[in-house]
Amino acid sequence: MQRDPEKFALWLTKLKTAEDLTNNLSTQRKILKEVWGWSFGKADEEWEAWVRETYPIK
């Protein structure tokens with residue numbers, strides 16, 4: 001989110017305006033791949049890396 005706020009805003013907009021909200025998990029997966037080029041696993045890796053950079057162990 002902080003690394004690329006424009007992509008985050010696009011991702012949220014696409015999620016909110018997606019026509020197929022009945023299958024939400026598939027919609028999330030599709031839009032995540034479309035906007036970021038990530039799978040759910042890759043999103044977890046990116047989030048973990050951000051947390052480690054932002055909140056280093058003291």
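Summary table below
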read-out: Enumeration of residues in segment 1-30 that are assigned to a helix (DSSP H, G or I), in contact with a helix residue (DSSP H, G or I) (Cβ under 6 Å, 6 or more places away or on another chain) and of a type outside the set (A, V, I, L, M, F, W, C); value: 7, 14
read-out: Filter result for residue 52 (modelled with pLDDT of 90 or more, of a type in the set (Lys, Arg) and surrounded by fewer than 11 Cβ atoms within 10 Å (Cβ to Cβ)); value: yes
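Listed here are the residues, each with its yes/no results for (1) of a type in the set (Asp, Glu); (2) in contact with a Lys or Arg (Cβ under 6 Å, 6 or more places away or on another chain); (3) at pLDDT below 90.
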position: 6; (1), (2), (3): yes, no, no
position: 9; (1), (2), (3): no, no, no
position: 19; (1), (2), (3): yes, no, yes
position: 23; (1), (2), (3): no, no, yes
position: 40; (1), (2), (3): no, no, no
position: 48; (1), (2), (3): yes, no, no
position: 57; (1), (2), (3): no, no, yes
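The values are calculated or read from the model by the stated rules, or taken from the named source; none is laboratory data. Being a predicted model, the structure only gives us computed values, none of them experimental. We place every Cβ from the backbone using ideal geometry, glycine too, and count neighbours over all the protein chains shown.
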